[in-house]
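Notes to accompany the following structure.
Values in this text are rule-based calculations from the coordinates and carry no lab data. This is a predicted model, so every value here is computed, not measured. All Cβ positions, glycine included, derive from the backbone under ideal geometry; neighbour counts span all protein chains shown.
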Amino acid sequence: MTREQWLLALVVKLNDTFAGAGYPLPAHIRVSCGWPTQRALAPTGKSRSIGQCFSTACSADSAHEVFVSPALDDAEQVAAVLVHELCHAVDNCRHGHGPEFRRIAVALGLEGPMTATVPGEQLRERLNALLAEMPDYPHRTLDVRVDEKKQGTRLRKIMCPECGYTARTTRQWLDRGLPTCPCGTTMAERS
């Protein structure tokens, strides 16, 4: 079983959960393990994307295209990200993480900030029950940062995880705190 087959099998199993919450899944959904956006390559933290759903307008055959980051290999976390992205598919990505998305996500059992949801206790139990019926997730973590060249200068490279703006500064200034990018996002240190 490939990663995509595994993810699609989980979508099929989640169909009843979504329908039971009053939000049936759309018919044409494609699911892949792949880098959702450039933000998926950001340093680990708040701004790192671990999933993304594209509306039917983006797909040549009007499919909902869902991506789960290859940086994840824990089946429960992958399932939680998949539920979050499927909530976007139900909404066809029209409302971002706003009130309409929140209604769908909460009805399914997601909690926390809508940009970084986690499964509530009932959803976690439901996901674990579904995962017990499936083989192990056939994927291991992919970390593209391993091959990055180590910095050889005393100036430390910093980069905006949102827009990619780069600059250099000394360790002394980094110890005081990371600066803010002109786009308004806190910059991150690159190794």
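Quick notes on this structure:
- Principal axes of the stretch 148-189: Cα extent on each, largest first, Å: 27, 25, 11
- Using only side-chain charges placed at the Cβ, +1 for Lys and Arg and -1 for Asp and Glu, the dipole size of the chain relative to its Cα centre rounds to 1140 debye.
- Beta bridges per DSSP with both ends in the chain, % antiparallel, nearest 5: 70 percent
- Values of log10 I(q)/I(0) for the chain across q = 0.15, 0.17, 0.18 Å⁻¹ run -0.93, -1.10, -1.18, by the Debye formula with one identical scatterer at each alpha carbon and no solvent.
- Between 0 and 90°, nearest 10: helix 3-20 axis offset from the chain longest Cα axis: 60 degrees
- Translational diffusion of the stretch 34-144, µm² s⁻¹ [Kirkwood Rh, Cα pairs; Stokes-Einstein; 20 °C; 1.002 mPa s]: 147 µm²/s
- Among VAL81, VAL68, VAL90, residue whose mean-square fluctuation peaks in a GNM of the chain (springs only between Cα atoms under 10 Å): VAL90
- Against the chain, whose longest principal axis comes from its Cα atoms, helix 75-91 is set at around 70 degrees.
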